[in-house]
């Protein structure tokens, strides 16, 4: 049963207390008084600094090139691909050191158009195809507030955000003209939901001490509360390993390991209410989404889905898949959009991730008891995050392209201390290569070791040394070249960015035609914001030489007797395997949880399991020539 709501001081009064007490006094009194600690304020206080000057020099003015064009009129077809993190013009924040941020995405569909609202982006985006995005810089919205959420009701779109204390509406979100239509309390991570009967609800919660609540509101009478609050989601890290926060340093000393339960989102599917919630913390690689299900109403009662976490990506080039939203595209396919982390320059340095999702009744129904005590089934909600930073097609199929660039030999024109060329190919967005300058002509070159077939590339820039506040109306100008012998070089037209300004720190392109090559290099023409030419990931996708690796034939899983939320999975190496993907799920259910193990490792600690559940594990072998699915399995 859900715990009953506990009467505590309002969020507004807590924040007033926070603002009036000193740092030390606050840390001493807050736990004693039972107030929740605001992680956002806490982290900003620890890691932020006052805004500095804005770098004025622009690549567009230096080069005299054209601004980025609007989104194309012709939408991308179903076979077009994208790659996480999404290719968006991520916004710089008014803090030092400089970093970009976008997080907590809410996606809604309005008049056959996708609208994407994300934290700290200076606006919102719309798209006809989920690939080409147009930024709207609106009037009348609190753009500095976290966790924006939107709801479509009739022909109007409604908006609110953390601590905005208001509901806003527009009849034309394309123009960006919004008006305040109601007052509400100061909520963290709010979510608006309209049921089929027209009733409207507001859920909220972002705390390691409080659950997620929901109220029914009256949008026709000042958005006043007419029912609730009711508890609908709560954390339990003692039982569920993925919810254990595992903070370190000062964060652990202040916050402990209790999970932050936040980011509510509800979908109604087959008459059931699917409540998604995020945990344990946005700056942690385990950040994901779990699920509660109710067959009664948006206000519950709710039962936890045993498959949780349903959206989880703790490894890969970029980790994290939490605090998101779930929506259907115009063809009826389900998607889940969430938050990936960098969290190096600032804990809230984050990016946006998009994954295929499914409600699968036939193959993997979830079983739970309704309030009357009768067992019922519900389609399992599954998010496909496996290799979730590889290219994906809009029809949700995956090209057979493999990662070609991992751990290749790289050289560069220069390197800043602590940022060697290898950091551009080690599949970790949390570190990066940086040239010693931002001058034109700085370069980084890769030898892939043999001829490969290149189909797509993602260039992830790192903004090392940038001096920028808010949105940069500018872009990296550069081009790519390829060669078979290392002597004769050819410009790659799909990655010639010297004559077009498009702010794309995660620049992804699918080549119009594949290229046979062995060598690849990037050459800078201009770097925006006073930064040095720096790259956190040159990621090349296609086909390498040879055949797919051998199959993993032996797998072992040892559950930790002292902490059954943990298991060590090990396996025998497979012939020609470069790395491995461990997949697992509830015994008899889908094996959709995963971890990638690089550099030929043959064991991994899985610490996201739930007590009292049994899990089945398999191991896939990966190479540049293909993936060989594991057949040997073990249950523990």
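Derivation of every value follows stated rules applied to the coordinates shown; laboratory data play no part. These numbers come from a predicted model, not from an experiment. Counting neighbours? That spans all protein chains shown, and the Cβs are built from the backbone with ideal geometry, glycine included.
Using alpha carbon centroids, what distance separates the range 484-509 and the range 525-570, in Å?
Distance between centres, Cα-based: 25 Å.
What is the distance in Å between the Cα centroid of the range 157-178 and that of the range 589-636?
Their Cα centres are 43 Å away from one another.
Say each of residue 80 and residue 430 gets a label point 7 Å from the Cα, pointing the same way as Cα to Cβ; how far apart are those two points in nm?
Those two pseudo-labels are separated by 3.4 nm.
Tell me whether the range 102-393 comes out rounded, prolate or oblate; compute the Cα gyration tensor, take square roots of the eigenvalues as a ≥ b ≥ c, and use a/c under 1.5 as the rounded threshold.
Working: a/c = 1.25, a/b = 1.11, b/c = 1.13.
Rounded, because the longest to shortest axis ratio a/c is under 1.5.
Can you give me the Cα centroid spacing of the range 117-135 and the range 382-420 in angstrom?
A separation of 23 Å, based on Cα centres.
State, as an integer percentage, the relative contact order of the chain based on alpha-carbon contacts under 8 Å between residues 6 or more apart.
Numbers: 1710 pairs, mean separation 79.1, N = 636.
About 12 percent, as a whole number.
Binning at 5 Å from 0, report for the range 266-309 what percent of all alpha-carbon pair distances ends up in each bin.
It works out to 6, 25, 26, 20, 12, 8, 3, in whole percents.
Going highest first, how would you order 206-216, 413-423, 589-599 by mean Cβ packing within 10 Å? Each step should come with its number before you reach the end.
Details: 206-216: 22.2, 413-423: 16.4, 589-599: 19.8.
My ranking of the peptides, most packed first, is 206-216, 589-599, 413-423.
Please compute one quarter of the surface area of the Cα convex hull for the range 241-299 and express it in square nanometres. Numbers along the way, then the final one.
Working: hull surface 18.3 nm².
Quarter of the Cα hull surface area: 4.6 nm².
Would you list the P(r) distribution for the range 447-516, with all Cα-Cα distances sorted into 5 Å bins from 0 and each bin expressed as a whole %?
3, 13, 23, 22, 17, 11, 7, 4, 1
Stokes-Einstein D for the range 405-543 at 10 °C, 1.306 mPa s, Kirkwood Rh over Cα pairs, in µm²/s?
It diffuses with D of about 107 µm²/s by this estimate.
Which percent of Cα pairs goes in each bin when the distances of the chain are cut into 20 angstrom slices starting at zero?
19, 54, 26, 1
Hey, for a label at residue 553 modelled as a point 7 Å past Cα toward Cβ, could you say which residues of the range 610-636 have their backbone N under 14 Å away?
631-633
On alpha carbon coordinates alone, what is the Rg over Rh value for the range 555-635, Rh being the Kirkwood radius? All intermediate terms of the calculation are to be shown ahead of the outcome.
Values: Rg = 12.4 Å, Rh = 12.8 Å.
So for the range 555-635, dividing Rg by the Kirkwood Rh gives 0.97.
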